[in-house]
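Just so it is clear, none of the values below were taken in a lab; they were calculated from the coordinates. Quick caveat, the model's predicted, so the values are computed rather than measured. Cβ sites come from the backbone with ideal geometry, for glycine too, and all protein chains shown count toward neighbours.
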Ligand SMILES: *Cc1c(COP(=O)(O)O)cnc(C)c1O
């Protein structure tokens with residue numbers, strides 16, 4: 001990486017940031033006291049901070065920079081599109097070439113009969129669209145009260161009022177009066193934390209059957225749709241037992257409800273196929289997309305909708321839209337991102353090279369005294385930290401205390417790895433090479449050793 005001159009001392013940048021910039025999902029006062037890490041540039045799988053430290057980005061930004069940093073083709077396309085047509089809307093019976101190209105490419109990439117795309121600026125907005133879309137679909141079919149959407153606890157579907165309501169994050173529901181009416185949450189398939197004495201297979205079936213029970217209780221004539229991430233991302237990379245998704249698909253087939261797969265993280269190669277739905281073997285009516293769609297180079301999201309639903313919606317006016325629907329610059333960049341992923345066979349690289357290479361080393365982390373289980377599907381993975389692997393015990397400290405210590409040790413070792421409670425999660429750029437995977441494991445191991453020592457020192461190595 002060539003170094004850019006950093007004209008401002010870090011402390012000055014941090015003070016100016018703290019003075020005026022409010023950060024998401026952050027306790028402002030704590031961050032202000034500590035100072036945010038200032039990221040100044042990035043290349044491939046590495047980011048660089050204002051102190052000149054080079055950090056391996058084990059999270060691909062926020063699960064999104066699938067193609068890696070520094071692809072000048074994307075900058076060139078944005079530049080060209082801004083000069084030619086920086087903006088035009090698609091409301092007034094108008095369209096533009098980036099929207100046409102991207103929609104066609106997405107229809108070709110998406111499975112089966114998923115052929116229509118409705119754009120948004122983000123994953124949250126796309127899920128807001130989905131709420132209105134599925135309810136409008138049933139209303140247009142003469143069933144306006146078929147309007148309940150079933151989701152799951154600890155799911156993440158975004159942070160708008162609609163997205164946050166669909167999601168199952170208690171911390172979010174506690175603020176701002178969420179969820180909106182007619183959203184129903186069932187339990188998640190997290191065997192490690194909630195499986196008790198059941199085998200993973202039994203537990204997967206039991207949790208899937210909660211969907212059937214909910215439909216029976218609420219009434220099939222009231223339930224519009226079920227929404228879920230093929231593999232929960234922000235919830236801690238929870239990989240469901242093998243029995244879970246086939247049972248969910250059976251239930252969705254048996255009852256007349258729509259299946260929405262939130263592919264915002266799983267989509268575009270993350271799990272070793274183009275879509276997570278293919279990896280877990282489901283046939284959704286609608287897929288939510290964002291993040292990897294543009295590899296984060298531009299903000300864009302959307303819904304890919306099956307013919308059956310799109311045809312019903314097409315009979316009336318759908319009173320819904322965003323100023324930046326199919327924004328031409330974002331659409332052009334997304335299209336170029338997907339072209340590169342296709343032409344450079346990045347998804348095959350994940351499936352055949354990077355994921356199998358990482359999986360061996362990731363699984364071996366369970367040899368560490370603090371690591372209970374290790375899960376990896378494609379290039380999204382997690383490890384559960386525990387003081388006792390045999391009974392999957394939690395630490396005696398508040399949930400997340402030990403995870404936070406571990407995350408701090410990762411940062412100190414120039415590795416970005418996030419914690420969700422006491423699970424550590426990774427989601428590196430899909431272009432990661434074997435020697436970079438070696439580095440990731442080396443730094444993660446050092447961070448785990450240091451965190452382990454720190455946990456013992458603080459007297460936290462005790463079962464709850
Ligand atoms: C990130 C995320 C969203 C929200 O996307 P934003 O672009 O942040 O609004 C929705 N669903 C899932 C599964 C996500 O991971």
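For the pair residue 28 and residue 433, what calculated FRET efficiency results from E = 1/(1 + (r/R0)^6), where r is the Cβ-Cβ distance and R0 = 22 Å, to the nearest 0.05? Each step should come with its number before you reach the end.
Working: r = 38 Å, r/R0 = 1.72.
Calculated value: 0.05.
Report the gain in length on full extension from residue 344 to residue 242: 0.36 nm times residue separation, minus Cα-Cα distance, nm rounded to one decimal. Can you show the working numbers first?
Working: separation 102, 0.36 × 102 = 36.72 nm, distance 3.09 nm.
Roughly 33.6 nm would be gained on extension.
Using a Förster distance of 22 Å, how high is the FRET efficiency between residue 73 and residue 15, based on the Cβ-Cβ distance and rounded to 0.05? Before the final figure, lay out the partial values.
Values: r = 37 Å, r/R0 = 1.68.
Efficiency, from the Cβ-Cβ distance: 0.05.
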Practice problem: Among DSSP beta bridges lying fully in the chain, give the percent that are antiparallel, nearest 5. | Solution: 65 percent
Practice problem: Please give the FRET efficiency for residue 199 paired with residue 250, using the beta carbon to beta carbon distance and R0 = 22 Å, rounded to the nearest 0.05. | Solution: 0.65
Quiz item: Hey, can you rank 389-395, 258-264 by average C-beta count inside 10 Å, highest first?
Solution: 258-264, 389-395
Self-check item: Net length gained if the chain between residue 153 and residue 37 were fully extended (0.36 nm per residue, minus Cα distance)
Solution: 38.6 nm
Quiz prompt | Spin-label model distance (nm) - residue 143 vs residue 170, 7 Å beyond Cα toward Cβ | solution = 3.3 nm
Exercise. Could you please rank 462, 436, placing first whichever residue has the fewest other Cβ atoms within 10 Å of its Cβ?
Key: 462, 436
Quiz item: For the residues 95, 90, 217, what sequence is obtained by ranking on other C-beta atoms within 10 Å, fewest first?
Solution: 217, 95, 90
